[in-house]
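None of the figures in this text is laboratory data; all of them are computed from the coordinates on show. These figures come from a predicted structure and were not determined experimentally. When we count neighbours, we look across all protein chains shown, and the Cβ atoms used for this are built from the backbone with ideal geometry, even at glycine.
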Amino acid sequence: MDESDYIPIAALNHYAYCPHRCWRMFVAGEFLDNSYTIEGTNLHERVHTVGAANREEIWQIRAIWLKSDNYRLIGKADLIESHDGEFIPVEYKRGSKGEWDNDELQVCAQALCLEEMTGKTIRCGYIYYASSYQRQFVEISPELRGLTLATIAEVANLFA
C-alpha cells in the first residue's frame, strides 16, 4: 500500500459537508477557487510556515504531516500543541462555526493519527475560526470517534 491509497484528512471534512462535493474534489479532481477558498488558502499559507516554538509553557509545531496506517489517513496539521506531555491538534478555519460537525471530524481524524504516531491518547483539540479570532474546544469523545470512523469508511467506499 502506498500513500496514494490513503484518504486525505481534509476529505472527511468535505464529505461530511457534501459527499458529492468530496467526490468531485478528490476523485474527479474538479475544483475551482473562489474568493472564500483563496482567503482560506492564504490563511493556511501563513499557518503552514514550518516551524516549532514555545509559547509560554506550550510547545507548538506548525505544518506537520500526520499519517495513520491503521485508518489509512494522511494530511497536514495546521498546528499541534504540547503541554504537560499532552498533544492537542488545532485546525484553522477562515470562517465561523457552521451548522455541521465537519470541522470536528477533521480534528478527530488528526487526533487518531497523532495517537498512532505518539502512542498517547488525545483527549481534545481546537478549531480556530479566523473571522472571530476564537477557538472552539473539541472533545475527542467516543461519539465523535465513532462518527469519524464511520465517515472514514464512507469516504473509502466513495473513493473505491
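For a quick check of your reading of the filter: which GluC sites (Glu not before Pro) in region 65-129 sit in a DSSP loop and have no more than 10 other Cβ atoms within 10 Å?
99
Using modelled amide H (1.01 Å from N, peptide plane; none on Pro or chain starts), what sits under 5 Å from the amide H of residue 136, excluding residues fewer than 5 places away?
Those qualifying (amide H under 5 Å, at least 5 residues apart or on another chain) are 127, 128, 129.
Let me make sure I get this right: for region 81-159, a, b and c are the square roots of the gyration tensor eigenvalues over alpha carbons, sorted descending. Under 1.5 in a/c it's rounded, otherwise prolate if a/b > b/c, else oblate. Which is it?
On the way: a/c = 2.03, a/b = 1.06, b/c = 1.92.
Verdict is oblate for region 81-159.
Amide H of residue 66: which non-local residues (sequence gap of 5 or more, or other chain) have their own amide H closer than 5 Å, using H built in the peptide plane?
Long-range HN contacts for residue 66: 75, 76, 77.
May I ask you to compute the full-extension gain from residue 137 to residue 67, defined as 0.36 nm times their residue separation minus their alpha-carbon distance, rounded to one decimal in nm?
On the way: separation 70, 0.36 × 70 = 25.20 nm, distance 2.28 nm.
This chain segment gains 22.9 nm when fully extended.
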